[in-house]
Amino acid sequence: MNETGKLGKGLISVIVLLALVLLVFFFRLFDFQVVKGDYYVSVQNSTNIYSTTIEAARGEILDRNGIPLATSRVGYNVVIDKNFYSLDTINDIILSLTEMLAVEGEEHNGTLPIELSGDSYVFTAGMEEDISSLKDRLGLQQYATADNVMTAIVERYDITQTDKADILTIGGVRYEMEKENFSEVTPFVFANDVSVNTVVRVGENSSTFQGVYIAEESIREYPNGSLAAHLIGNIGPLDADEYNQLKDEGYALNDLVGKYGVEQMMESELRGTNGRRVVEKTVNGEVVSSYIASSPTAGNTVKLSIDAPLQHLLESGLAYHAERIRNLPEQRLGKDAEGGSAVVVEVKTGKVLAMANYPSYDLNQYYSNYEEILNAQYNPLFNRALTGTYVPGSVFKPIVASAALEKGTIDLGSRVTCNRIYTYFENDHPTCLAAHGSLNVVGALRESCNIFFYDVGRRLGIESLEEVARSFGIGELTGIDEGLGTGLVEKQGTMAGPTERAETGGSWYVSDTIRAAIGQSDTLVTPISLASYVATLANSGVRNQLSVLDSVISYDQTQTIKTYGTNVLGQTGISEANQAIVRDGMIAAANGYGLANGLDFEVAAKTGTAQDGNNLTANFICYAPAEDPEIAIEITLEKGGYGSNLSPFVREILQYYFNGTVPSYAIESLPETATFSYNTDTADQ
């Protein structure tokens with residue numbers, strides 16, 4: 001075949017091959033556009049819908065007068081949203097954001113337990129648990145080095161930067177994102193509560209910071225610092241157990257929740273309902289639309305029965321008088337006064353007007369300064385009012401007097417002679433502080449005569465004494481806001497007796513009974529239970545459940561949603577005549593300390609100096625006016641010496657409550673941020 005023939009045959013082959021290729025393309029195009037055209041159009045036009053949370057404002061906590069105790073202000077967070085950036089840009093965005101925040105002097109979230117030492121990676125000292133968790137999440141053995149970990153970090157998050165400091169920064173943020181389940185439906189808070197300058201700079205650099213936006217956040221503040229810290233409580237991040245319990249109620253892993261106190265107890269009222277933002281994206285990642293599907297609804301506001309100025313007076317008074325007592329002459333004891341509690345209760349309702357602990361701490365510094373607070377002198381985190389248990393001492397004697405009168409063991413004319421030493425038992429001779437001579441029950445309460453109550457207690461018997469003491473709430477819970485949550489957990493005290501002793505494997509003797517009759521032996525009380533007892537004593541024997549709650553109102557304070565009334569727990573059954581006899585004895589005791597000076601009515605009171613090992617706990621109970629009581633007062637001071645050491649403090653509380661006279665130390669100790677003030681014209685200088 002000549003060359004021309006060969007060329008023609010080759011050309012035909014090429015043409016046939018091209019025709020076949022074109023034919024295949026034609027059928028494929030026909031398949032795409034005609035046979036399966038509708039399917040591919042639907043795929044191209046299909047979208048994915050993601051929703052994110054818009055946080056609701058948390059309700060406030062107010063005192064009975066509307067004074068703010070816990071408030072929320074608007075803060076601004078820098079947030080990264082996965083819906084609005086491409087994956088290959090996230091590391092650059094993180095680095096740019098951190099550099100911008102550094103210029104503004106602000107911090108970001110997310111660091112590794114690794115740092116640079118020179119040019120080498122090393123694990124951060126004291127972070128062993130975090131280091132172990134990091135290795136587990138990366139699938140590394142526990143013997144892995146810091147370099148091993150950083151190599152895994154670079155690979156895991158596709159970090160292309162070469163500067164080791166930059167790698168640490170990016171790796172820390174990406175690791176934190178992963179821990180917080182960052183996704184299309186869970187944005188990541190890169191920085192909290194940033195300045196206005198940062199807000200502006202994020203807006204100005206929106207083209208660089210793709211997927212980054214500013215979100216408003218409700219930030220909890222406590223304007224009065226330490227005021228009622230143990231009562232109000234605090235909020236914090238959910239732990240694993242809390243999340244498992246609350247996730248079905250709409251809580252996210254990065255939500256804040258009430259951790260203790262009223263913040264925890266009233267979480268369901270304070271929290272509010274979050275809103276929802278919806279983002280619609282194509283399968284190619286293009287955003288089709290973004291809109292707010294539902295707006296957030298702010299939480300309700302909780303109003304307490306607490307009176308903020310009275311609360312502050314009690315807190316500052318505990319600190320002031322503990323210091324005063326520590327500096328008394330040695331023979332007065334109380335040199336080691338360490339901590340204490342004071343409670344004021346509205347007699348007829350059981351509403352707690354003030355419940356103070358000393359020492360206390362600033363709620364605003366609870367997280368930022370936790371270690372210092374935890375290790376501070378006298379344990380300021382200890383909620384003495386609800387969970388401290390103390391020997392009552394002589395403040396228990398009005399119960400013994402009430403029981404003996406009601407059971408017929410004594411009457412107003414019954415007398416016991418005190419020669420300072422009780423000689424009824426052959427080998428047991430307990431003593432009194434003085435030889436008081438012949439006393440009836442009124443005189444015995446006035447003088448706090450141990451001999452009288454030894455003898456009356458022996459004749460009364462422990463069974464009758466225990467029965468009446470429990471009717472006053474000794475050894476019982478006060479029920480303070482029972483059933484409303486775990487935020488106010490009180491410890492149950494004990495009432496001495498055969499049953500209590502048997503539970504510890506011991507035996508009960510008559511000599512134990514006489515000591516129980518002066519508030520010693522195995523009896524232990526919390527300050528809140530002492531407050532309940534004295535309020536019951538003042539309330540004609542009616543024992544109300546104690547409560548710190550007044551009402552729940554709407555966030556804008558225009559609507560009352562619920563109110564909390566009075567719940568009666570029981571009655572002592574002591575007759576009015578016998579109550580009057582005990583009251584007269586307590587009036588006589590109060591007059592001995594001048595408690596009614598400057599008031600136009602009588603005051604009823606009783607002191608207690610309780611032996612607790614080698615220490616003396618100072619207790620004081622009081623109610624006023626004696627004839628028609630409004631308030632009951634309880635004060636306990638650990639290692640405070642004689643109960644009478646507290647009488648100046650009790651006088652100040654009475655003078656403030658009934659006359660408006662303010663001790664100068666209360667005015668001087670008000671924080672600058674206080675949301676209330678005292679009338680300085682009535683200051684007691």
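Some observations on this one:
- Region 589-633 - residue that is surrounded by fewer than 18 Cβ atoms within 10 Å (Cβ to Cβ) and outside any loop (DSSP other than H, G, I, E, B) and, of those, modelled with the lowest pLDDT: 612
- The set of residues from region 60-89 being more than 21 Å from residue 170 (Cβ to Cβ), of a type in the set (A, V, I, L, M) and in a strand (DSSP E or B) comprises 61, 62, 69, 70, 74.
- Among the numbered conditions (1) surrounded by fewer than 18 Cβ atoms within 10 Å (Cβ to Cβ); (2) more than 39 Å from the chain's Cα centre (by Cα); (3) assigned to a helix (DSSP H, G or I), the only one that residue 470 does not meet is (2).
- Scanning region 91-112 for residues that are surrounded by 16 or more Cβ atoms within 10 Å (Cβ to Cβ) and hydrophobic (A, V, I, L, M, F, W, C) returns 93, 94, 95, 97, 100, 101, 112.
- Among the conditions (1) at pLDDT 95 or above; (2) surrounded by fewer than 19 Cβ atoms within 10 Å (Cβ to Cβ), the only one that residue 501 does not satisfy is (1).
- In region 436-450 there is at least one residue matching the filter, namely being part of a helix (DSSP H, G or I) and touching a Cys at 6+ places or on another chain (Cβ under 7 Å).
- Scanning region 663-679 turns up no residue that is within 21 Å of residue 349 (Cα to Cα) and at pLDDT 95 or above.
- Region 343-392, residues that are among the small types (Gly, Ala, Ser) and either under 30 Å from residue 568 (Cα atoms) or outside any loop (DSSP other than H, G, I, E, B) (or both): 350, 354, 356, 385, 388
- Of all residues in region 177-204, those that are acidic (Asp, Glu) and part of a helix (DSSP H, G or I) total 2.
- Every listed requirement among (1) hydrophobic (A, V, I, L, M, F, W, C); (2) buried (at least 19 other Cβ atoms within 10 Å of the Cβ); (3) within 30 Å of residue 260 (Cβ to Cβ) is met by residue 442 save one, (3).
- Cβ-Cβ contacts under 8 Å between residues 6 or more apart (or on different chains), taken from a first residue in region 641-664 that is closer than 22 Å to residue 337 by Cα and open to solvent by 10 Å² or more (accessible area, probe 1.4 Å) to a second residue that is part of a helix (DSSP H, G or I) and not acidic (Asp, Glu), are listed as 642/332; 648/321; 648/324; 652/313; 652/317.
- Among the residues making up region 118-141, a single one is modelled with pLDDT of 95 or more, open to solvent by 70 Å² or more (accessible area, probe 1.4 Å) and more than 36 Å from the chain's Cα centre (by Cα): 141.
- Elements of type helices (runs of 4 or more DSSP H) contained in region 90-176, each with 1 or more residues being touching a residue at least 24 places away in the same chain (Cβ under 8 Å) and closer than 30 Å to residue 197 by Cα: 90-103
- Lone qualifier among 511, 529, 464 - being hydroxyl-bearing (Ser, Thr, Tyr), within 26 Å of the chain's Cα centre (by Cα) and part of a helix (DSSP H, G or I): 529
- Only residues that are among the hydroxyl-bearing types (Ser, Thr, Tyr) and open to solvent by 60 Å² or more (accessible area, probe 1.4 Å) were counted across region 537-588, and they come to 6.
- In summary, residue 115 fulfils each of the numbered conditions (1) open to solvent by 70 Å² or more (accessible area, probe 1.4 Å); (2) closer than 30 Å to residue 363 by Cα with the single exception of condition (2).
- If the condition is being part of a strand (DSSP E or B) and over 22 Å from residue 231 (Cα atoms), then region 562-588 contributes 568, 569, 570, 571.
- Residue within region 179-188 that is under 26 Å from residue 219 (Cβ atoms), open to solvent by 70 Å² or more (accessible area, probe 1.4 Å), modelled with pLDDT under 95 and of a type in the set (D, E, K, R) present: yes
- All of (1) at pLDDT 95 or above; (2) over 15 Å from residue 345 (Cβ atoms); (3) part of a strand (DSSP E or B); (4) touching a Gly at 6+ places or on another chain (Cβ under 7 Å) hold for residue 551 with one exception: (4).
Here's the yes/no breakdown for (1) open to solvent by less than 30 Å² (accessible area, probe 1.4 Å); (2) out of contact with any Pro (no Cβ under 9 Å at 6 or more places or on another chain):
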{"residue": "191", "(1), (2)": "yes, yes"}
{"residue": "210", "(1), (2)": "no, yes"}
{"residue": "241", "(1), (2)": "no, yes"}
{"residue": "254", "(1), (2)": "no, no"}
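- Residue in region 425-436 that is crowded, with 20+ Cβ neighbours inside 10 Å, of a type in the set (A, V, I, L, M) and under 25 Å from residue 593 (Cβ atoms) present: no
- Failed criterion for residue 235 (all others in (1) surrounded by fewer than 19 Cβ atoms within 10 Å (Cβ to Cβ); (2) touching a residue at least 12 places away in the same chain (Cβ under 8 Å) hold): (1)
- Within region 445-454, tally of residues that are surrounded by 22 or more Cβ atoms within 10 Å (Cβ to Cβ) and in contact (Cβ under 8 Å) with a residue 40 or more places away in the chain: 5
- Odd one out for residue 641 among (1) touching a Pro at 6+ places or on another chain (Cβ under 9 Å); (2) at positive phi: (1)
The values are calculated or read from the model by the stated rules, or taken from the named source; none is laboratory data. Just so it is clear, the structure is predicted and the values come from calculations on it, not from any experiment. FYI the Cβ positions are ideal-geometry reconstructions off the backbone, even for glycines, and counts take in every protein chain you see. The area values use the complete protein model at the heavy-atom level, side chains included, leaving out ligands, DNA and RNA. Shrake-Rupley method; radii C 1.70, N 1.55, O 1.52, S 1.80 Å.
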